[in-house]
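Just below is one structure, and these are the notes that go with it.
Rule-based calculations on the coordinates, nothing more; no lab input. The structure presented is a predicted model; accordingly, all values stated were derived computationally and were not measured. Cβ placement follows ideal geometry from the backbone for every residue including glycine, while neighbour counts extend to all protein chains displayed.
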């Protein structure tokens with residue numbers, strides 16, 4: 001039990017913690033205190049659902065569907081380029097955190113953006129469904145359930161920490177330079193991942 005749980009926790013954590021489009025988005029919204037707990041909850045739920053699918057054996061089905069793979073790849077790349085452009089504009093414009101500023105995006109817009117940056121990213125499916133699904137195949141019965149529990153626990157802990165950690169960084173982001181650096185890093189992250197998806201799509 002302990003070994004399978006720890007392997008699920010370690011494998012899931014290693015895949016999820018790697019900085020990507022979803023993590024950059026959650027961190028930036030955590031800093032802004034923009035519906036950050038709802039955003040973290042959506043990410044946790046999405047991870048749990050697709051990790052469940054992977055552990056249940058659907059990873060091989062998705063990886064074998066060439067048409068679906070192409071649509072997800074190009075759609076995800078397009079979204080990441082668009083989102084990165086928005087971050088670049090924000091970095092050029094500059095800004096600072098104002099705790100009295102109530103002009104934040106609506107809850108509906110925050111939910112849509114969270115679902116988009118999660119579900120339009122092919123790496124999300126690769127990590128949760130394909131990779132974790134493949135690793136879990138070595139376990140049988142209850143041990144596979146323990147592996148799943150470990151992976152979901154890692155996801156839950158990570159996104160809560162990322163969201164609340166953004167709040168802890170809020171004093172730093174009262175400075176305009178800090179905002180420029182964050183938005184530039186978010187843009188670079190989005191475009192780097194988009195570039196890798198485009199190269200993958202061309203080579204496929």
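Structure summary
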quantity: Förster radius 30 Å - calculated FRET efficiency between residue 172 and residue 49, Cβ distance, rounded to 0.05; calculated: 0.30
quantity: Residue 157-residue 38 FRET efficiency (beta carbon distance; Förster radius 25 Å; 0.05 resolution); calculated: 0.90
quantity: Estimated inter-spin distance, residue 92 and residue 109, nm [label 7 Å along Cα→Cβ]; calculated: 2.0 nm
quantity: Residues residue 6 and residue 137, FRET efficiency given R0 of 22 Å [Cβ-Cβ distance, rounded to 0.05]; calculated: 0.80
